[in-house]
Amino acid sequence: MGILIKPIVTEKLTDQGEKLNRYGFIVDRKANKLQIKDAVEKMYNVSVADVNTVNYHGKKKSRYTKAGILRGRANHYKKAYITLAGEEKIDFYANI
C-alpha cells in the first residue's frame, strides 16, 4: 500500500483548496511529513510548501440487535493537510 490512501473531498477542504491552496489526504499511519511531501509531489507534479498531520483514534461503536449488544470500534487513521507553494492546484477529478 502506498503512503497516500485517498484524498479528502469535503465542502470545507474544497473551499480551502480554492482560497488557501490547501488539500487533505488520508495517509498511512506510519508515514512522516517528509514521506507525505515526496508522495504528493511525485503523484501530482506540484511543489509542497507545508505539511500538517493529525492522528485520529477510532471511536468506540455499539449497536443493539436481537442477539444482544455488539461492540467494536472504527479504525484509527491519519490525515495530512498539504499546502501548495505558489499558484499550483490539484485537480482530483482529472484522472476519473
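The values are calculated or read from the model by the stated rules, or taken from the named source; none is laboratory data. No experiment lies behind these values; they were computed from the predicted model shown. Cβ: placed from backbone, ideal geometry, glycine included. Neighbour counts: every protein chain shown. Please note that ligands, DNA and RNA were not included when accessible areas were found on the heavy atoms of the full protein model with its side chains. Shrake-Rupley method; radii C 1.70, N 1.55, O 1.52, S 1.80 Å.
Going Cα to Cα from Lys60, which lysines come in below 24 Å? Please leave out same-chain ones fewer than 8 positions away.
The reachable lysines, counting only those whose Cα sits under 24 Å from Lys60, are Lys6, Lys30, Lys78, Lys79.
Would you kindly calculate the translational diffusion coefficient of the range 3-46, applying Stokes-Einstein with the Kirkwood radius from alpha carbon pairs, for 4 °C and a viscosity of 1.567 mPa s, and quote it in µm² s⁻¹ without decimals?
For the chosen part, D equals 117 µm²/s.
Suppose all protein chains stay in the model; what accessible area per residue would a 1.4 Å probe give for the chain, in Å²?
Computed with neighbouring chains in place, this is 75 Å² per residue.
So what does Arg73 come to for accessible area, using a 1.4 Å probe and Å² rounded to 10?
About 130 Å², rounded to the nearest 10.
Grab the other residues whose beta carbon is less than 10 angstrom from that of Lys60, score K and R as +1, D and E as -1, and report the net.
Around Lys60, the charge tally is +4.
Taking the Cβ of Val46 as the centre, find all other residues whose Cβ is under 14 Å away and add up their charges (Lys, Arg: +1; Asp, Glu: -1).
-2
State log₁₀ I(q)/I(0) for the chain at q = 0.13, 0.19, 0.20 Å⁻¹ as given by the Debye formula over alpha-carbon point scatterers of equal weight, solvent excluded.
-0.52, -0.89, -0.96
Once every DSSP H run of n ≥ 4 in the chain is given -39500 (n - 2.57) and the sum is divided by its residues, what mean residue ellipticity at 222 nm do you get, rounded to the nearest 500 deg cm²/dmol?
-6500 deg cm²/dmol
Would you check the accessible area of Ile3, probe 1.4 Å, heavy atoms only, in square angstrom rounded to 10?
Surface open to solvent at Ile3 totals about 50 Å².
Can you send over the carbon and sulfur percentage of the accessible area for the chain, probe radius 1.4 Å, protein chains only?
That fraction is 50 percent.
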